[in-house]
1. Could you pull out the residue among A:Ser131, A:Ser141, A:Ser155 that is modelled with pLDDT of 95 or more and surrounded by fewer than 19 Cβ atoms within 10 Å (Cβ to Cβ)?
2. Check A:Val172 against each of (1) farther than 17 Å from A:Asn80 by Cβ; (2) assigned by TED's automatic domain parsing to the domain that holds A:Asn286; (3) in contact (Cβ under 8 Å) with a residue 24 or more places away in the chain and name the one condition it does not meet.
3. Given (1) within 12 Å of another protein chain (Cβ to nearest Cβ); (2) touching a residue at least 60 places away in the same chain (Cβ under 8 Å), identify the lone condition not met by A:Thr148.
4. Select, from B:Ser206, B:Ser117, B:Ser110, the only residue that is assigned to a helix (DSSP H, G or I) and among the hydroxyl-bearing types (Ser, Thr, Tyr).
5. Can you go through A:Ser262, A:Ser247, A:Ser275 and tell me which one is surrounded by fewer than 21 Cβ atoms within 10 Å (Cβ to Cβ) and within 14 Å of chain B (Cβ to nearest Cβ)?
6. Note down all Cβ pairs under 8 Å where the first residue falls in the stretch A:291-306 and is over 22 Å from A:Asn255 (Cβ atoms), the second is assigned to a loop (DSSP other than H, G, I, E, B) and aliphatic (A, V, I, L, M), and they're at least six residues apart or on different chains.
7. Under the condition of being at the interface with chain A (Cβ under 9 Å from one of its Cβ atoms) and acidic (Asp, Glu), which residue from the stretch B:111-133 is surrounded by the most Cβ atoms within 10 Å (Cβ to Cβ)?
8. Within the stretch A:219-244, restricting attention to residues that are of a type outside the set (A, V, I, L, M, F, W, C), part of a loop (DSSP other than H, G, I, E, B) and surrounded by 20 or more Cβ atoms within 10 Å (Cβ to Cβ), which residue is farthest from the other protein chains (Cβ to nearest Cβ)?
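The values are calculated or read from the model by the stated rules, or taken from the named source; none is laboratory data. Because the structure is predicted, anything quoted here is derived from the model rather than measured. We place every Cβ from the backbone using ideal geometry, glycine too, and count neighbours over all the protein chains shown.
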Amino acid sequence: MRMYLAVAATFLSLPVAAQTAVPMDDQSQLAPSAQPAAGAEYFQPPSESDLPDNAFGELVREGRAIFVDTRKRAPEYVGNGMTCANCHMDQGRKPNSAPLWGAYPMYPAYRSKNDKVNTYAERMQGCFQFSMNGTPPPADSHVLNALTAYSYWLSTGAPVAEVLPGRAYPEVPEPAGGYDLAQGRQVYDAQCAVCHGPEGQGQKSGEDFVFPPLWGKESFNWGAGMHRINTAAAFIKESMPLGKGGSLTDEQAWNVAAFMNSHERPQDPRLIDGSIEETRKKYHANDGVNLYGVEVDGVVLGQGTN
Amino acid sequence: MKTISVAAGLLTCLLTTSIQADAGADIYSKGGANAAALACVTCHGADGLGMAASGFPRLAGLSATYMEKQLHDLKAGSRVAPVMSPIVNALTDEEIQSVSQYIENMPTPSYPRVERSSEVDSLGAQLALRGAWDRNIPECVSCHGPGGVGVGDAFPPLVGQSSNYLASQLVAWREGTRQNDPNDLMGHIARSMTDEEVTAVSDYFSGLGK
């Protein structure tokens, strides 16, 4: 019996690729990923010190530098105060913080966001267009080549087309009674404003943003995944306050995420005929929990900041 | 008539400002009204850059809001410093305010703005620019700014401080003799650091200022 169990366990731990097709589920909003099996660890990306001193290593290093300092290293494509590493903690390495090793091996993939199969380059273009409210770098640009090389290198040894534990922000259930903007403001004032400023404007040192702006014209736009309250709650619960991830309750995370996303930010670049209502119908009505085109305190959100 | 009253207003303004500035400068160089409020210059230097060997910190350029908070916290005991406590206890609130303003305006050298995109070649640089996220330790520069130059009123400069002073503060957080950071943001990090890391990162930031 003991042996039988051991054999079964071995069998279960075999890669599942042989028995399933390449997953074609929609990659617009990542489904929650499982925790690693008991005793197992998250995927471990290679160490920076292992990078070779050759042309490949050089491109990876450039990709890493762009990833953590996007505004300065790719200024022509960034339209706000954000940088890749603001959403992807530990330079895109940390499990449960949308690590690059969890994303790169999943592409090409279908996304309802633009209703087509996206290459990895197209997926990154989406980050520039929405999260960084900028201009998508061309697919063959040096910026995307370097970011691709960095992602590929971080994925060294990761299986292709297999959902890895820790690839998303772990889902946080919505409070039973819904979220509360007033309570969200209290959490914000007590725990977030010290870094992100009383008006969500972020904080700079000279011209450099040190703490990212959370709303307003320098923040991510209404088309970014982070505008979903459920996504923001998941990110916040896992990673905020910085270094104190997991310290907020589920309810606090939802309330403060809703408070953050009940403010104006740059317009969704997919705006249809200048109509917030049409844009909500097509792009926001079925996109998680969000306030685009929704009336809050007598004002319809989604006006944009430009 | 109007011109005269505007001019008089301006003059009053200028006088008030310069009186406050002078009061701050006086406290800094000569001490407070109470004889126990020793002159700052004695330990922190005429340039406000501190005395590295004794671990007396740099003050020049620190945000006035930050300075005021530290002085009040030293009085209240949420930050303990045996040498400083009797001195700060002898300062009035007004004196704290004016000397803090004077300190903020003291000139500082320019420091290198080393950023997260830089390469790392030491344990100290690793912590400063990469963090140790397996223990939820963020990059120091992600709060203290490029090269640790400080950000706003809550995140003080690390560069320009001596290794002695930086290490003593990390140890104070670990031992609970300093607990005046907002929401334990620094305390929980310090408590996750090893002795070797405390020394390495203190050496790193003090080295940037040299």
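1. A:Ser141
2. (2)
3. (1)
4. B:Ser206 is the lone residue from the list that is assigned to a helix (DSSP H, G or I) and among the hydroxyl-bearing types (Ser, Thr, Tyr).
5. Result: A:Ser247 is the single residue among A:Ser262, A:Ser247, A:Ser275 that is surrounded by fewer than 21 Cβ atoms within 10 Å (Cβ to Cβ) and within 14 Å of chain B (Cβ to nearest Cβ).
6. Partner pairs satisfying both residue conditions: A:Gly304/A:Leu271.
7. Checked the stretch B:111-133; the qualifying residue surrounded by the most Cβ atoms within 10 Å (Cβ to Cβ) is B:Glu115.
8. Just the residues of the stretch A:219-244 that are of a type outside the set (A, V, I, L, M, F, W, C), to begin with: A:219, A:221, A:223, A:225, A:227-228, A:230-231, A:237-239, A:241, A:243-244.
Narrowing the set further to residues that are part of a loop (DSSP other than H, G, I, E, B) leaves A:219, A:221, A:223, A:228, A:241, A:243-244.
Narrowing the set further to residues that are surrounded by 20 or more Cβ atoms within 10 Å (Cβ to Cβ) leaves A:219, A:221, A:223, A:228, A:241, A:243.
Details: A:Ser219: 18, A:Asn221: 23, A:Gly223: 26, A:Arg228: 24, A:Pro241: 6, A:Gly243: 4 Å.
Here the answer is A:Gly223.
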